[in-house]
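Comments concern the structure below.
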Amino acid sequence: MNINNYMTVKEASYRWGIDYRTLREKLNIKRRPSLQKDLDNGLVKYFRHPEAKQGEWIIYIDAMRLWYGDEPNK
């Protein structure tokens, strides 16, 4: 296990050179029901504190490779 294989949405958008909003849209389960498969397979994780309005996503590097190919400049 390598901690660098997991990243926030901001880090993933930076590393792949993808607009942050574009990646956030990809993580919208209401607009993209197929995201549930990625959640079930452990490629992404969502956490929202019960008292918070919004939650946070953690993305596994394999999800980014699946969606966008290999990381640029690697």
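The values are calculated or read from the model by the stated rules, or taken from the named source; none is laboratory data. In this text the structure is predicted, and so the values were computed from the model without any measurement. Heads up, the Cβs are rebuilt from the backbone with ideal geometry, glycines too, and the neighbour counts pull from every protein chain shown. Ligands, DNA and RNA are excluded from the accessible area calculation, which covers all protein heavy atoms including side chains. Shrake-Rupley method; radii C 1.70, N 1.55, O 1.52, S 1.80 Å.
Remarks
- Cβ-Cβ under 7 Å pairs, at least 6 apart or on other chains, segment 19-36 side assigned to a helix (DSSP H, G or I), far side surrounded by fewer than 10 Cβ atoms within 10 Å (Cβ to Cβ): E25/R31
- Index of the failed condition, G17 passing every other in (1) at positive phi; (2) open to solvent by 100 Å² or more (accessible area, probe 1.4 Å): (2)
- Flag for K10 being in a helix (DSSP H, G or I) and either open to solvent by 100 Å² or more (accessible area, probe 1.4 Å) or touching a Gly at 6+ places or on another chain (Cβ under 6 Å) (or both): yes
- Test: residue in segment 47-62 that is assigned to a loop (DSSP other than H, G, I, E, B), within 16 Å of I18 (Cβ to Cβ) and open to solvent by less than 60 Å² (accessible area, probe 1.4 Å): no
- Subset of segment 37-46 that is loosely packed, with under 14 Cβ neighbours inside 10 Å and part of a loop (DSSP other than H, G, I, E, B) - its residue that is farthest from the chain's Cα centre (by Cα): N41
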